[in-house]
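The values are calculated or read from the model by the stated rules, or taken from the named source; none is laboratory data. Since the structure is predicted, the reported quantities are computational estimates derived from the model, not experimental observations. In this analysis, Cβ positions are derived from the backbone assuming ideal geometry, glycine residues included, and neighbour counts consider all displayed protein chains.
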Amino acid sequence: MRDLLKEIYESIRRNKLRTVLTGLAVSWGIFMLIVLLGAKNGIQNTSSNNMEGIVSNVMEIYSGYTSKPYAGFKQGRYIPIKDSDVLTTESNIFEDHIDDVIPLLSQSSLTMAYGKKHFSITMVGTTEDYARIEKLEILAGRFLNANDIKEKKKVAVIAHSHAKNFLYGDTDYDKLIGKKIKINNLIFTIVGVRHGRENEDDQDLYIPYSTLKAVFARNDEIDYLNFTFHGLETEEENEAFEAYYRSVLNKKHNAAPDDKRALGIYNYFTRNMQMNKGNRILNTALWIVGLFTLLGGIVGVSNIMLITVKERTHEFGIRKAIGAKPADITKLIIAESVAVTAVFGYIGMICGMLACEVMDATLGSSSLELFGESIQIMSNPSVGVDTAIGVTIVLIVAGTLAGLIPARKAAKVRPIEALSVN
């Protein structure tokens, strides 16, 4: 092994400039592959962070406008979500799939006061199951419960950002449990402090759904209707259930059963499935782009190995004349090819990982303001151990393929012809 490494080193040393220039193409190919995969991972991590606040088996129903005439009604008619739709969703019509049904109602532009502190807030009325489907983290106290909803209690769960301001920076949120806050002219009791997601303007205050309807005299319309479901494992099953659910609610509102715009359905489960499918396609596409970029470097390595074989024909003839086997010559050329590819490939990999760190330090700490919300551009754009292993395998295979043709040519050198070469 030591003799083999020494021979490889001497061969590369004799052709330093040619080897370096060719190796740079390999480095560039691996560098681009690592950077592309790192950027892809950063975008996917951001998407996952944005989705981490809600469970996947949830459908959200929202109001819409009819897109076709039906039962004597013209198209373009507004179809609201109502309390009766909540009862229909909870009925035994859908009991084979639907679990928890959660209505949501909001009231914005309200003023919340605690002592001398005043904030403009949005109040959201919901039920006890909302914390579970949204994966709300309760930092102190509790979330709403069934008794709060039943008795229409004036209780509230506030975001930790408001709680911290109430306590002048203190994070001992338990001090606020049981305290009174004033919302417009109504007094509410704080029963819980929740964690608001940092990458969003997540400062809504939660109160019982029944309380909000009572104190603000809201009619039977609601903003959104969420429900969790089970037993729908494929996109086809989800689409079939959505079509059936839509037809039932549309008929109640005198809308065409197949009118997808009358009532909107947002399915987080199928969205996740589609995102995962898209991520797999994107990952494959990036590997293909990276490998084709790397291919240029591999062709270059193969070419310099062919030149090396031609220059060392006389040497190979002598080796074979004194007993070297064709396999020994083949091993030497392939080993040199793999060495050149691996060394420059790993240089490209290290540079690519450093570039990912730079992306993380720049784009990873920046955000984009979109529709009033702060959206992180990229989160942890790095590559994992599995990618490093994959790149290592690619380098070994690429180096072997690059040296295979030159090695076969070197192995076929006949001693008498080689020795006659001047």
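General observations
- Residue, nearest to the chain's Cα centre (by Cα), within the stretch 111-123, restricted to residues that are farther than 16 Å from V155 by Cβ and assigned to a strand (DSSP E or B): T122
- Those residues of the stretch 121-154 which are at pLDDT below 90 and more than 25 Å from N267 (Cα to Cα), in sequence order: none
- Of the helices (runs of 4 or more DSSP H) lying entirely inside the stretch 151-257, those containing at least 2 residues that are assigned by TED's automatic domain parsing to the domain that holds V101 and within 31 Å of the chain's Cα centre (by Cα) span 160-166, 235-252.
- Within the span defined as the stretch 124-140, every residue fails to be outside any loop (DSSP other than H, G, I, E, B) and of a type in the set (D, E).
- Residues in the stretch 267-276 include at least one that is outside any helix (DSSP H, G or I) and modelled with pLDDT of 75 or more.
- Extreme residue, modelled with the lowest pLDDT, among residues of the stretch 102-120 that are more than 17 Å from K213 (Cα to Cα) and surrounded by 15 or more Cβ atoms within 10 Å (Cβ to Cβ): F119
- Hey, I322 more than 30 Å from E242 (Cβ to Cβ), free of Cβ contacts under 8 Å to residues at least 24 places away in the same chain and of a type in the set (V, I, T) or not: yes
- Residue list for the stretch 36-62, restricted to those being modelled with pLDDT under 70 and either within 22 Å of F292 (Cβ to Cβ) or of a type in the set (D, E, K, R) (or both): E52
- In the stretch 208-225, the residues that are aliphatic (A, V, I, L, M), in contact with a strand residue (DSSP E or B) (Cβ under 7 Å, 6 or more places away or on another chain) and at pLDDT below 90: V215
- Taking the stretch 226-239 as the range and being surrounded by fewer than 18 Cβ atoms within 10 Å (Cβ to Cβ), farther than 13 Å from N272 by Cα and either of a type in the set (S, T, N, Q) or in contact with a strand residue (DSSP E or B) (Cβ under 7 Å, 6 or more places away or on another chain) (or both) as the test, only H230 passes.
- Index of the failed condition, I405 passing every other in (1) assigned to a helix (DSSP H, G or I); (2) at pLDDT 75 or above; (3) surrounded by fewer than 17 Cβ atoms within 10 Å (Cβ to Cβ): (2)
- Residue satisfying all of: in the stretch 66-95; among the small types (G, A, S) and part of a loop (DSSP other than H, G, I, E, B); surrounded by the most Cβ atoms within 10 Å (Cβ to Cβ) among these: S67
- Selection count, the stretch 301-324, where residues are under 28 Å from I393 (Cβ atoms), out of contact with any Gly (no Cβ under 8 Å at 6 or more places or on another chain) and not β-branched (V, I, T): 2
- Counted residues, the stretch 309-344 - those being under 26 Å from A25 (Cβ atoms) and part of a loop (DSSP other than H, G, I, E, B): 1
- Checklist (1) within 30 Å of T293 (Cα to Cα); (2) out of contact with any Phe, Trp or Tyr (no Cβ under 9 Å at 6 or more places or on another chain) applied to F73, failing item: (1)
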